[in-house]
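Inspection log for the structure reproduced underneath, given as structure tokens.
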Amino acid sequence: MTRSTTRKAPLGVVLGTGLALAACSGAIAQERPALTVAVNELARSLDPGEHTGNVDIRIYYSIFDTLIRRDFAKPKADGGANLVPGLAESWSWTTPTTFDLKLRRGVTCHDGSPFDANDVLATFSPDRLWGPKAYYPEGRVYFGNFTQVEKLDDFTVRITVAQHDPIIEHRLSSYMSFAICDEPWNAFRKEGVDSKVWMDQAAKALRWKPVGTGPYSFVDYQKNDKVTLAAFDRYFGGKPAAKTITFRSVPEVAARVAGLVAGDFDIAVELPPDQWDGLKGYKDVSVKTEPLENSHVLQFNTNDPVLSDKKLRHAMSLSIDRKALIDALWKGQTYTPNGHQLPSFGPMYVKDNKGYAYDPALAKKLLAESSYKGQEISYRLIPNYYLYNVEAAQVIQEMWRNVGINARIDFVDSFKEVRKPGAQVFAWSNTYRVPDPSGAILTLWGPDSENQKTWKLYGASPAFNDAASELTAETDEAKRRATFARLLTAFEDDMPMTMLYNPVTGYGVKKGIEWTPYSQYYMDFRPSNFSLGAK
Amino acid sequence: MPGRLFLTKLARGLLTVWLIVTLTFVALNLSGDPIEALVGDQAPAEVIAHYREKFGLDRPLWQQYVSYVSGIAQGDFGLSLSDQRPAIELIAAALPRTLRLGLTAFVLGLLLGVGLGIVAALNRNRAIDRFVMSFAVLGFSLPNFFLGILLILLFSLHWRLLPSSGDQTIWHLILPAVTLGTHFAGTFARFTRSAMLEVLSKQYVVAARAKGVPRPRRVLWHALPNAAIPIITIIGLKLGDLVAGSIIVETVFAVPGVGRLLVNAVTSRDFALVQAILIMTSITMVLANLAVDAIYALIDPRMRAARSES
């Protein structure tokens, strides 16, 4: 942390000018320290519509806000996601298909323009996010149900949907929902020019010149080197604690650790578990870990001639000792979700769902009853695509061998290769993009998912697909939860995948920095989650 | 070098560059889908199709190749897939940093390597010779990533004397330059020693000694210029290797140069950028070889004579 220093001056000069300087708010800004964060890789761009990868969101989370914000630091008492006002002060359903948002007044964009309904219209325009030919096609995954976004007045916006969406608040607080400011974006709009054409120009111009309303504004980008942000003192959530934040690209773990200890960096990200104990030996560094809202899973091709036997798939799942994996690989710092769900699902969380058990005796019994005759099963993975996926595969291979399952690890270099004909078992990850079944299991495994429709790796049972269709149509919370419980049971019975664990991300943080990591890769440097005390 | 010979070598160089362009294009396209690296492991097919169309990757491979090669012929190396900026612009921004690191390391390696090689040759089979050669073998064979991390652990982590990453100040240059320079020094020392030993046993050096020529003059004036051909050959090869050699060192020390750019481009399968860097590297190699040939002719009259006879 590099604090600004002041030169020694004669006492009279100090006394004579001290009061005047103290009264100047600029002086306060000067005294704030600069923060340096060592990251494994810089963002691919700072356009919140273009990329939602971990390397991207950790940086642009400081530049942009969402209408509704998820307060990761303070989840609800039951562990559910806590939604709080962001750029919108309040929101409500006015009819089953119209959702009104009252916008916060007095918010300023980084270009100095006031934030209002026009910025929301620019962000959620059909041409940009949710129409049939949206410029950012991923927007349709979240907002494909929208039919209209209109301005009722300067600070009121109405969203109309085709079908009532009980989790629209969650969607408006998740990926793809970061609000851009309309003036720099619409400056590229030309009458009579196709929206894809002018939006392409706008996106190109703004991907490294983003304009949002967040606590830090963009200053500079040097490829492979750094992204620099500066405190935006007109931020509606209060004055940011650091004068600047520099995200410096340091791909080597050893160099991130060394730089942190040597004082070159204040925070280092993506520190794997084998570095944690070593870092804890330094008094001026603390290690913060957080299990992510992402699960490492093993997918089974239910349409494969060998794996189509459900008993074999259950035996494979039952013979994996997940606690042993977690203790060995993740130092016991994470958990295996009890089913394809998380506590952050809140009212939808099925607490008593059993999930994926470890029972080698039952695995052997099921194996004996199955049609499996000891054939070699291919276990495909892209080496090191996920942290410790190779080590986990080698351990699981031995666990399977112990119950009589013969697996061969096949290294491939892309998911195209992973899923090409002959796929039997492979490593994958599932992200809970919205804390609800519709943001996770339905998207990745439901009747319209690529798994069922395109890749044809999951031949779902009618029980699962019926429950999925019911869940999509249902809006009553209690009925949704009951349907979800049924869906989970059917999913676990179908066994198209088994859960391993949620990976953990580790941060090294210098003493004196009050900052809490979240269960998603967002790095939140808002005043509510970031302050600087004494070193 | 006579004009015809130069033109022949130039044509060979151009053929080499074309082969590299083609092989790189084929190898990268066989290695996987760049869009997958861009959009992640859970992207819907609709999103993947959108980006494939946007970057022209939905066209047949031969069409992509033709448009790429014709682009290069017009000086257009294409847009970086991940950055959306011209590949050549990104390389131009990173190159000065690579050259600063590479040339510093090169000069360090040259001075240290040639100096130590001469000392070792003059003290053949003595303790100092064995010591220098041990250093040379170690410097040559120690992987850069290992030496780099070792230096970080010692000088940044343990003694906290030098910064471990970046290239903001001259202090940031020391550890990566020493890492890369040690490798160069090891190579140069070995070649200088063997070249000097060969020359020192020649009759004209013995004659100079018999005539009472002082040792420094004998070594620097009579022996070293005659030992220069193999040394210049290896210098030429290593000079062309500056960018390639910096790949590991730039990654370990987080220097945002061309080496890092290449590593990132390969990881993200950024075709245009990988191709542009490889073409640039191959051109550097070809030019370095041409320069070495030209220098041979300048410093060794026998070669001029032999070539003009042939």
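The values are calculated or read from the model by the stated rules, or taken from the named source; none is laboratory data. On a predicted model such as this, the values are computed, not experimentally measured, just so you know. So basically every Cβ, Gly included, is an ideal-geometry build from the backbone, and we count neighbours across all protein chains shown. Just so you know, the surface numbers come from the protein's heavy atoms only, side chains and all, with ligands and any DNA or RNA stripped out. Shrake-Rupley method; radii C 1.70, N 1.55, O 1.52, S 1.80 Å.
Which far-off residues, 5 or more places away or on another chain, put their amide H under 5 Å from the one on A:Thr147, with H placed in the peptide plane?
A:Thr160, A:Val161, A:Ala162
Show me the ranking of peptides A:247-254, A:126-133 by mean Cβ neighbours inside 10 Å, starting with the highest.
The packing order, highest mean first, is A:247-254, A:126-133.
Give me the inter-chain shielding for B:164-172: mean count of other chain Cβ atoms within 10 Å, whole number please.
5
Taking only Cα atoms, what is the 0 to 90° angle, nearest 10, from helix A:462-473's long axis to the longest principal axis of chain A?
Long axis of A:462-473 versus the principal axis of chain A: about 30 degrees.
Just tell me how shielded B:255-261 is by partners: mean number of partner chain Cβ atoms within 10 Å of each residue's Cβ, no decimals.
That works out to 3 on average.
Go through the range A:151-158 residue by residue and turn each phi into a ³J(HN,Hα) via Karplus (6.51, -1.76, 1.60, θ = phi - 60°); whole Hz please, and just put x for glycine and proline.
Result, rounded to whole Hz: 9, 8, 7, 4, 10, 9, 10, 10.
What are the extents of the Cα atoms of the range B:93-268 along their three principal axes, listed from largest to smallest and rounded to whole Å?
62, 33, 25
State, to one decimal in nm², a quarter of the convex hull surface area for the C-alpha atoms of the range A:442-535, i.e. the direction-averaged projected area.
So the mean shadow area of the Cα hull is 9.2 nm².
So if I take the alpha carbon set of chain A, get Rg, then get Rh from the Kirkwood formula, what is the Rg over Rh ratio?
Using Cα coordinates only, the ratio equals 1.00.
Name the residues whose placed amide hydrogens come within less than 5 Å of the amide hydrogen of A:Asp65, ignoring near sequence neighbours (fewer than 5 apart) on the same chain.
A:Ala179, A:Thr213, A:Gly214
If you average 1/r over every pair of different alpha-carbon atoms in the range A:100-202 and take one over that average, what Kirkwood value in Å do you get?
14.2
Which value in deg cm²/dmol, rounded to the nearest 500, describes the helix-derived mean residue ellipticity at 222 nm for chain B, given -39,500 (n - 2.57) per DSSP H run of n ≥ 4 and division by the residue count?
Taken over chain B, the calculation gives -24500 deg cm²/dmol.
Which Cα, out of A:Gln452, A:Leu387, A:Trp198, lies furthest along the positive dipole direction of chain A (beta carbon charges, K/R +1, D/E -1)?
Farthest towards the positive pole: A:Leu387.
Give me the number: length gained by fully extending A:Ala77 to A:Arg234, i.e. 0.36 nm times residue separation minus the C-alpha to C-alpha distance, one decimal in nm.
53.3 nm
Given R₀ = 22 Å, FRET efficiency for A:Asn384-A:Lys331 by Cβ-Cβ distance, to 0.05?
Result of the calculation: an efficiency of 0.70.
If you count, for every residue in B:151-158, the Cβ atoms of partner chains within 10 Å of its Cβ, what is the mean?
The shielding value for this peptide is 4.
Once you charge only the Cβ atoms, +1 for Lys and Arg and -1 for Asp and Glu, what is the size of the charge dipole of the protein assembly as shown about its Cα centre, to the nearest 20 debye?
My answer is approximately 3920 debye.
Want the number for B:Ser194 to B:Thr169: 0.36 nm per residue separation, take away the alpha-carbon distance, what's left?
Difference between extended and current length: 5.2 nm.
Summing -39500 (n - 2.57) over the DSSP H runs of n ≥ 4 in chain A and dividing by its residue number, what mean residue ellipticity at 222 nm do you reach, to the nearest 500 deg cm²/dmol?
-8500 deg cm²/dmol, from helical runs alone.
What is the helix-to-structure angle for A:195-206, meaning the angle in degrees between its Cα long axis and the longest Cα principal axis of chain A, kept from 0 to 90 and rounded to the nearest 10?
Taking Cα atoms only, the helix is inclined about 60 degrees.
If packing is taken as the average count of other Cβ atoms within 10 Å, what order do B:55-65, B:228-238 fall into, highest mean first?
B:228-238, B:55-65
Within 10 Å, count the other beta carbons around each residue, average over each peptide in A:48-61, B:148-161, and list them highest first.
Answer by packing, highest mean first, reads A:48-61, B:148-161.
Any idea how far apart A:Glu191 and A:Lys280 come out in nm if each label point goes 7 Å out from Cα toward Cβ?
Inter-label distance under the simple model: 6.7 nm.
Once the dipole of chain A is set up with Lys and Arg at +1 and Asp and Glu at -1 on Cβ about the Cα centre, which of A:Pro343, A:Leu362, A:Leu271 lies farthest towards its positive end?
Looking along the dipole axis, the top candidate is A:Leu271.
From the convex hull of the Cα coordinates of chain B, what is the mean projected area in square nanometres?
If I average the Cα hull's projected area over directions, I get 21.0 nm².
State to the nearest 20 debye the size of the charge dipole of the range A:351-420 about its Cα centre, where the only charges are +1 on K and R beta carbons and -1 on D and E beta carbons.
220
If amide hydrogens are placed 1.01 Å from N in the peptide plane, which non-local residues have theirs closer than 5 Å to the one on A:Glu89?
So A:Glu89 has HN proximity to A:Lys102, A:Leu103, A:Arg104.
Do any of A:Lys323/A:Lys364; A:Lys243/A:Lys511; A:Lys365/A:Lys456; A:Lys102/A:Lys133 go past 23 Å between their Cα atoms, and which?
With Cα atoms farther than 23 Å apart: A:Lys365/A:Lys456; A:Lys102/A:Lys133.
Through the Karplus equation 6.51 cos²θ - 1.76 cosθ + 1.60, θ set to phi - 60°, convert the phi angles of the range A:315-324 into ³J(HN,Hα) values in whole Hz; use x for Gly and Pro.
4, 5, 5, 5, 8, 9, 8, 5, 5, 4
So, in nm, how far is label B:Phe131 from label B:Ala27 when the simple model puts each one 7 Å beyond its Cα toward the Cβ?
4.2
Determine, from the Cβ-Cβ distance of A:Thr95 and A:Leu121 and an R0 of 22 Å, the FRET efficiency 1/(1 + (r/R0)^6), rounded to the nearest 0.05.
0.60
Sort B:Arg215, A:Arg105 by accessible area with a 1.4 Å probe, largest first.
From most exposed to least exposed: A:Arg105, B:Arg215.
Taking θ = phi - 60°, what integer Hz values does the Karplus form 6.51 cos²θ - 1.76 cosθ + 1.60 yield along the range B:211-220, in sequence order, with x for Gly and Pro?
7, x, 5, x, 4, x, 5, 4, 6, 7
Choose one of B:Ile248, B:Leu180, B:Ile20: the residue whose Cα lies farthest towards the positive end of the charge dipole of chain B (beta-carbon charges +1 Lys, Arg; -1 Asp, Glu; about the Cα centre).
B:Leu180
Dipole of the range B:93-268, Cα-centred, from +1 at each Lys and Arg C-beta and -1 at each Asp and Glu C-beta, to the nearest 20 debye?
Dipole size: approximately 820 debye.
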